[in-house]
Amino acid sequence: MRANCSSSSACAANSSEEELPVGPEAHGNLELVFTVVSAVMMGLLMFSLGCSVEFQKLWAHIRRPWGIAVGLLCQFGLMPLTAYLLAISFSLKPVQAIAVLVMGCCPGGTISNIFTFWVEGDMDLSITMTTCSTVAALGMMPLCLYVYTLSWKLEQNLTIPYQNIGITLVCLTIPVAFGIYVNYRWPKQSKIILKIGAIVGGVLLLVVAVAGVVLAKGSWNSDITLLTISFIFPLIGHVTGFLLALLTHQSWQRCRTISLETGAQNIQMCVTMLQLSFTTKQLVQMLSFPLAYGLFQLLDGFLIVAAYKMYKRRLKSEHRKKDTGCAEGCHKKKSASLKETSAFLEANEEVALTPGPSVPMDLHTALEPSGHISSCT
């Protein structure tokens, strides 16, 4: 596998890992503008997400990297294996099988950080996992590709985009580091920045999706098999990531985080690697897959967020009904107790006024059963 990176526009497009593939017929100037604007907006977005990270919690994940280890196992264990099994099961052509495998071997993308924030996941773990998977990709991508392509007998070498990985790390770590610093120095202001960033993140995802489809219109083909795989692949990643996190006794918050990190791949890194390794004629058969995968992982992410919001709303509604019923029950018990106490006092007064032998009575003991009001939880 070759480690060099050409100076073509493919390498220049490395700065934003959430961009969707750029087709061979796209206009160069429009592509450059789209790349620069997306990179700047992604940097600002990562800065706002960094405002939700606390250094103490981040350091705790690094000191006890159990959650990170589970995430890396999902990223470079489950995803490449799933890609290989899908390619074999659907009997893909060699170039199409390579596209699926490269996607499975890529590290996680920053899109997972946005969705993790929206589902109230562990942001410290999410950003740490994205960074660690990008660093691990320097060695794990060549290793996974070598292991799974041994039986395929490729006619050409695959180029690992090390420059792309380095640029991704810079664009990820520097804005996040500034966000962590702002959260440490100005915690109140950081919450405002975080809310604005969440809104901007949603708009950015929609803009990138639409612009990516327009720029990559020359890369679409009518291969229903690739579209089917691009639809089920991220779903398998989300489900298997969640199950593995659950089996390793991670918290529900971490399970949601690891699930999103597993299914969300670095689309632009996959596209760059394909562009550096194959000819234009071969790319026509391959680029439709990462494009479709990127769109479906966006759709899956929005569906997961919507399902989580509905679940939270249902829980709040049930809790509110429970509290209302509890308050009404306590009020009825209190009213009944007050009536019993009032009736007892009236009867006691009548006894006191009636002539006859006095009967000693402990008023406190008599009142205790009636006056006791059970607490409602």
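The values are calculated or read from the model by the stated rules, or taken from the named source; none is laboratory data. Being a predicted model, the structure only gives us computed values, none of them experimental. In this analysis, Cβ positions are derived from the backbone assuming ideal geometry, glycine residues included, and neighbour counts consider all displayed protein chains. Heavy atoms of the whole protein, side chains included, go into the accessibility calculation; ligands, DNA and RNA do not. Shrake-Rupley method; radii C 1.70, N 1.55, O 1.52, S 1.80 Å.
Got at least one residue in the range 133-150 being over 25 Å from ALA69 (Cβ atoms) and out of contact with any Cys (no Cβ under 8 Å at 6 or more places or on another chain)?
So far as the range 133-150 goes, yes, one or more of its residues are over 25 Å from ALA69 (Cβ atoms) and out of contact with any Cys (no Cβ under 8 Å at 6 or more places or on another chain).
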Legend entry - Subset of the range 225-250 (residues that are open to solvent by 10 Å² or more (accessible area, probe 1.4 Å) and under 17 Å from TRP118 (Cβ atoms)): HIS238, PHE242
Inset, instruction - Assess whether ARG320 counts as being farther than 30 Å from THR225 by Cβ, at pLDDT 90 or above and open to solvent by 90 Å² or more (accessible area, probe 1.4 Å). - result: no
Inset, instruction - Test GLN253 against the criterion of being open to solvent by less than 10 Å² (accessible area, probe 1.4 Å), in a helix (DSSP H, G or I) and either among the basic types (Lys, Arg) or out of contact with any strand residue (DSSP E or B) (no Cβ under 7 Å at 6 or more places or on another chain) (or both), and give yes or no. - result: no
Inset, instruction - Search the range 166-195 for residues that are in a helix (DSSP H, G or I) and pair each with any residue that is of a type in the set (Lys, Arg) when their beta-carbon atoms are under 9 Å apart and the residues are at least 6 apart or on different chains. - result: ASN183/LYS191
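This table checks each residue for (1) farther than 15 Å from CYS106 by Cβ; (2) buried (at least 18 other Cβ atoms within 10 Å of the Cβ); (3) in contact with a Ser or Thr (Cβ under 9 Å, 6 or more places away or on another chain); (4) modelled with pLDDT of 85 or more.
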| position | (1), (2), (3), (4) |
| --- | --- |
| THR130 | no, yes, yes, yes |
| MET141 | no, yes, no, yes |
| CYS144 | no, yes, no, yes |
| SER151 | yes, no, no, no |
| ILE174 | yes, no, no, yes |
| ALA177 | yes, no, no, yes |
| ARG185 | yes, no, no, yes |
| ILE199 | yes, no, no, no |
Inset, instruction - Kindly indicate whether ILE193 is of a type in the set (A, V, I, L, M, F, W, C), modelled with pLDDT under 90 and over 30 Å from ILE88 (Cβ atoms). - result: yes
Inset, instruction - Would you point out the residue of the range 100-127, among those that are closer than 20 Å to MET141 by Cβ and either among the polar types (S, T, N, Q) or open to solvent by 10 Å² or more (accessible area, probe 1.4 Å) (or both), that is modelled with the highest pLDDT? - result: SER112
Legend entry - Failed criterion for VAL305 (all others in (1) over 19 Å from the mean Cα position of the chain (by Cα); (2) more than 21 Å from MET79 (Cα to Cα) hold): (1)
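Take the residues of the range 261-284 that are in a helix (DSSP H, G or I) and over 19 Å from CYS105 (Cβ atoms): which is least open to solvent (accessible area, probe 1.4 Å)?
Per the criteria, the residue is VAL284.
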Inset, instruction - Quickly run through the range 308-317 and pick out the residues that are open to solvent by less than 50 Å² (accessible area, probe 1.4 Å) and under 16 Å from the mean Cα position of the chain (by Cα). - result: TYR308
Inset, instruction - For PRO290, state whether it is of a type outside the set (Phe, Trp, Tyr), open to solvent by less than 20 Å² (accessible area, probe 1.4 Å), at pLDDT 90 or above and closer than 16 Å to PRO107 by Cα. - result: no
Legend entry - Candidates LEU244, LEU215, LEU226, filtered to the one that is farther than 21 Å from ALA87 by Cα and modelled with pLDDT of 85 or more: LEU244
Legend entry - From PHE55, PHE90, residue being open to solvent by 10 Å² or more (accessible area, probe 1.4 Å) and either in contact with a Lys or Arg (Cβ under 8 Å, 6 or more places away or on another chain) or more than 22 Å from GLY121 (Cβ to Cβ) (or both): PHE90
Legend entry - Restricting the range 107-161 to residues that are among the aromatic types (Phe, Trp, Tyr) and over 25 Å from the mean Cα position of the chain (by Cα), the residue that is nearest to ILE174 (Cα to Cα): TYR146
